[in-house]
Amino acid sequence: MIPFASDVCFQLRSKLGARPAIVLTISVSLAAMVMGATENAAATVDHAPYGITQGGQAVDIYTMTNDHGLRVRFLSYGGVITEIDAPDRIGRLDDIVLGLRTLHEYETLSAHYGAITGRYANRIGRAQFTLDGQTYHLIANNGANTLHGGPDALDKKVWDVSATQVQNGVAATLTYVSKDGDQNFPGTLSTHVTYTLTDDNALRIDYVASTDKDTVINFTNHSYFNLAGNGSGSVADQMLLVNADRYTPTGPDQIPNGEIASVEGTPLDFRQMIPIGARLHSAFPQMVSAHGYDHNFVLIQHPGDSMNFAARAYDPRSGRMIDCFTTEPGLQVYTSNGLNGSVVGSSGTTYRQTEAFTLETQHFPDSPNKPNFPTTELKPGQDFHSTTIFRFATDASLPPIAR
């Protein structure tokens with residue numbers, strides 16, 4: 001049993017001749033994570049000037065600290081999470097996400113470090129989709145495809161930020177209104193993203209959006225995690241478990257072919273916790289075309305559960321671990337394949353392939369062009385809601401997964 005909030009737990013169970021399956025039990029509302037019995041005055045949220053964009057907009061940096069000293073820092077520019085300072089097994093804090101050194105680098109580099117990603121996270125094939133009989137031609141920024149909403153998407157915008165009162169932690173809400181036609185997407189989209197740092201060491205991200213015209217949306221956070229610490233080198237020896245028995249295969253252009261395939265017998269089988277690098281150099285065609293892991297996993301979801309376990313990552317050196325929960329149907333695992341040593345990060349070291357991994361909770365890539373995938377359409381009068389929770393712990397405070 002693994003404590004999460006009050007009594008959320010999961011365990012791995014196995015049957016003879018079958019691989020372990022993941023069972024998630026949620027017996028109390030996860031709302032208790034942000035609505036506790038008493039408000040803790042030790043938790044704080046502060047902000048300070050960070051810089052001025054090339055367009056002349058002021059950007060602030062916000063620091064959220066909970067009563068255990070865990071700290072999350074983010075920018076009003078793109079909602080970029082620049083730091084997550086988490087303790088290791090002996091209580092030593094270290095930054096566990098990759099970041100950049102200046103606002104100018106966040107503006108000009110395209111790796112989406114820690115940013116709110118949308119209007120449509122991941123790829124839309126051929127940079128177009130048809131909705132209500134009309135074809136929308138987007139801006140291609142990934143070969144012939146649109147990636148993460150286009151070249152000037154929500155990760156490149158300055159958001160309004162306001163403190164949000166919660167109990168059992170601290171929170172801030174980022175707000176941005178994307179006008180009709182922004183990056184050629186239809187509809188004026190009003191988006192609110194709330195970061196909540198709870199006193200039980202969880203970062204909760206809540207997305208709420210509405211539109212005045214039929215549109216498509218898909219949000220995620222694009223933090224690059226390295227549980228041994230920013231700048232510590234490859235994550236190949238860090239361990240990963242993904243609550244998925246299927247994935248969405250892609251062609252050479254990383255666009256799903258529409259199939260939903262089993263992970264059985266492939267390097268994408270993370271149903272048991274294994275080192276990220278164990279199969280990284282596999283000749284499996286999906287691995288070759290992606291240059292590593294850059295795949296959407298179809299998460300196992302249980303009827304009646306709005307929040308499901310998505311993944312666990314663990315670093316044996318530091319003892320740090322992350323448990324990820326989400327309302328989303330998919331999870332993109334990416335091993336920073338595009339980092340090639342050309343960027344010096346906030347660590348003062350260069351970032352290279354396998355320097356980090358992402359846990360991008362999401363709807364599936366290219367869903368607007370794949371009618372068999374869960375829909376990403378949003379209509380006027382509807383509110384889009386999505387939640388992702390990253391729960392930070394160590395092997396000194398949280399026991400291993402029960403088998």
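Miscellaneous remarks
- Over region 318-399 - Rg/Rh using Cα atoms and the Kirkwood inverse-distance radius: 1.09
- Rh (Kirkwood; distinct C-alpha pairs) - the chain, Å: 21.3 Å
- Normalised alpha carbon radius of gyration of region 181-221 [divisor 2.2 N^0.38 Å]: 1.50
- On region 131-279, 46 percent of the accessible area sits on carbon and sulfur atoms, based on a 1.4 Å probe.
- Per residue accessible area of region 316-356, 1.4 Å probe, in Å²: 31 Å²
- R0 of 45 Å, Cβ-Cβ distance Val288-Ala163: FRET efficiency to nearest 0.05: 0.40
- Once the 1.4 Å probe is applied to the protein heavy atoms, region 40-85 comes out at 42 Å² accessible per residue.
- Solvent exposure of region 158-282 as accessible area per residue, Å², 1.4 Å probe: 32 Å²
- Seen from a random direction on average, the alpha-carbon convex hull of region 203-278 projects onto 8.2 square nanometres.
- Alpha-carbon gyration tensor eigenvalues x 5, square-rooted, for region 195-349, Å: 24, 22, 18
- Inter-label distance, His104 to Asp132: 4.4 nm, where each label sits 7 Å from its Cα along the C-beta direction.
- Taking 0.36 nm per residue of separation and subtracting the current Cα-Cα distance, fully stretching the chain between Thr375 and Asp152 would add 77.9 nm.
- Per-pair calculated FRET efficiency, R0 = 41 Å: Asp214 and Ser342 via Cβ, rounded to 0.05: 0.50
- Distance between the 7 Å Cα→Cβ label points at Asp60 and Ile260: 4.3 nm.
- Where only DSSP H runs of four or more residues are counted, the chain gives -500 deg cm²/dmol as its mean residue ellipticity at 222 nm, each run worth -39500 (n - 2.57).
- Candidate lysines - alpha carbon under 28 Å from Lys370, same-chain residues fewer than 8 apart omitted: Lys156, Lys179, Lys213, Lys379
- Here region 287-328 has 56 percent of its accessible surface on carbon and sulfur atoms, given a 1.4 Å probe and all protein chains in place.
The values are calculated or read from the model by the stated rules, or taken from the named source; none is laboratory data. Just so we're clear, the structure is a prediction, and the values are computed from it rather than from any experiment. Positions of Cβ are backbone-derived with ideal geometry, glycine not excepted, and every protein chain shown enters the neighbour counts. SASA here: full protein model, heavy atoms, side chains in, ligands and nucleic acids out. Shrake-Rupley method; radii C 1.70, N 1.55, O 1.52, S 1.80 Å.
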